Amino acid sequence: MLVAVTGTPGTGKSILCDYLEKKGYTILRLNEIALNNNFISGFDKKRNCYIIDVDKLSKYIKDKYKDYKGIIFLDGHFSHLLENLDKIIILRTKPVELKKRLLKKKWKKEKIRENLEAEILDIITLEALEKHSINKIYEIDTTREEIQKLGKITLNIIHGRFKNDKTYAVGNINWLTDKNLKLLG
Ligand SMILES: Nc1ncnc2c1ncn2[C@@H]1O[C@H](COP(=O)(O)OP(=O)(O)OP(=O)(O)O)[C@@H](O)[C@H]1O
Ligand SMILES: [Mg+2]
């Protein structure tokens, strides 16, 4: 089972995946895999980063893990763009908290603004919905939750323990308020 753990940078994908790894689950860190295998389609000069060739990465993972029986979590802010995903977990963070986390990364103002904008406008959720069926997609608010709790919620989702519970269904999170827009300056 392939499970994408996606979300705007700073929403906590990697610390959630670290926790799941400690619990014995297999984690694929997509950035590392893409760079190590040269699944690169270009260089984004404005953002000073490589552009990942998602199709090549997707095919590589599909081929390599086609006989794998367990659960694999894919850590990366573009993991929702891969094919053959069984579930997509989107981590969401209240913009005011996300801004604090991104400031700690010492990113440039412009990059922080761009990512806050993406979070406020639900960009990752919209991209995921374009590619995958809505009933495979879940959103978890990481603003205040402890990592252990987030881990438990994730595992409950994956193991189908929330069948009639709409708490983590797409559409519950809405950051598009005047207060949040003010953060963009
Ligand atoms: N639930 C949380 N509570 C408190 N702090 C958190 C939480 N989730 C993440 N953080 C903090 O936010 C920062 C970013 O977390 P993390 O690196 O896991 O994000 P990410 O989604 O993997 O980002 P990137 O896309 O840049 O890799 C870290 O300093 C982490 O400790
Ligand atoms: Mg990360």
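Structure values in brief
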| quantity | calculated |
| --- | --- |
| Residues satisfying the stated conditions in the range 77-92, i.e. buried (at least 22 other Cβ atoms within 10 Å of the Cβ) and out of contact with any strand residue (DSSP E or B) (no Cβ under 7 Å at 6 or more places or on another chain) | Leu81 |
| Lone unmet requirement of (1) away from ligand 2 (no atom under 16 Å from the Cβ); (2) among the hydrophobic types (A, V, I, L, M, F, W, C); (3) within 19 Å of the chain's Cα centre (by Cα) for Val3 | (1) |
| Cβ pairs under 9 Å, 6+ apart, first in the range 101-122 and in contact (Cβ under 8 Å) with a residue 40 or more places away in the chain and more than 17 Å from Gly7 (Cβ to Cβ), second of a type in the set (A, V, I, L, M) and surrounded by 12 or more Cβ atoms within 10 Å (Cβ to Cβ) | Arg113/Leu183; Arg113/Leu184 |
| The range 40-68 residues that are part of a helix (DSSP H, G or I), paired with ones that are surrounded by fewer than 10 Cβ atoms within 10 Å (Cβ to Cβ) and of a type outside the set (D, E, K, R) (beta carbon under 9 Å, 6 or more apart) | Lys56/Asn38 |
| All positions within the range 138-169 that are of a type in the set (A, V, I, L, M, F, W, C), surrounded by 18 or more Cβ atoms within 10 Å (Cβ to Cβ) and more than 11 Å from Gly12 (Cβ to Cβ) | Ile153, Ile157, Ile158 |
| Positions within the range 142-156 being in a helix (DSSP H, G or I) and touching a residue at least 60 places away in the same chain (Cβ under 8 Å), in sequence order | Ile147, Gln148, Leu150, Gly151, Thr154, Leu155 |
| Only one of Ile112, Ile88, Ile123, Ile61 that is farther than 25 Å from Leu184 by Cα and within 16 Å of ligand 1 (Cβ to nearest atom) | Ile88 |
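All of the numbers you see were taken from the coordinates with simple rules; none came from a lab. All figures in this text were calculated on a predicted structure; none of them were measured in a lab. Here Cβ is always computed from backbone atoms with ideal geometry, including for glycine, and neighbour counts include all displayed protein chains.
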